[in-house]
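First up is the structure itself, then whatever we jot down about it.
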Amino acid sequence: MFLAVVLFYFVFLILSDIFHYQGLVERRNSLREVVKEKAAALVSLKQEIKFANSNAGVEKIARQELGMVRRGETPYKVIERRVEEKK
């Protein structure tokens, strides 16, 4: 009887450890996926920084975000008309 109780106790401990281990493996795999996603995002951001620090990047930002033009260029602003619907 005593041997059966001890055996049952050890089986219970082993099974609980197996389930815990499986949970840890799943967590590790999900974290590896997150690391892959973050690494890809990091590569993309590094490329953006490299472009932003280039002459072409500075010009693009200056033109699009700041509305700057080169010396001798004439800026144009397009104004769209609103067309009212007839009832």
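The values are calculated or read from the model by the stated rules, or taken from the named source; none is laboratory data. All values derive from a computational prediction rather than experimental measurement. Positions of Cβ are backbone-derived with ideal geometry, glycine not excepted, and every protein chain shown enters the neighbour counts.
For segment 27-66, a residue qualifies if it is assigned to a loop (DSSP other than H, G, I, E, B) and modelled with pLDDT of 95 or more, and the qualifying residues are 53, 54. In segment 65-87, the residues that are of a type in the set (A, V, I, L, M) form Cβ pairs under 7 Å with partners that are at pLDDT 85 or above and not in a loop (DSSP other than H, G, I, E, B), at six or more places apart or across chains, as follows: 68/62. Restricted to segment 67-87, and to residues there that are more than 39 Å from the chain's Cα centre (by Cα) and among the β-branched types (Val, Ile, Thr), the residue that is modelled with the lowest pLDDT is 83. Please verify whether residue 50 is surrounded by 10 or more Cβ atoms within 10 Å (Cβ to Cβ) and of a type in the set (Lys, Arg), treating the condition exactly as stated. Yes: the conditions hold for residue 50.
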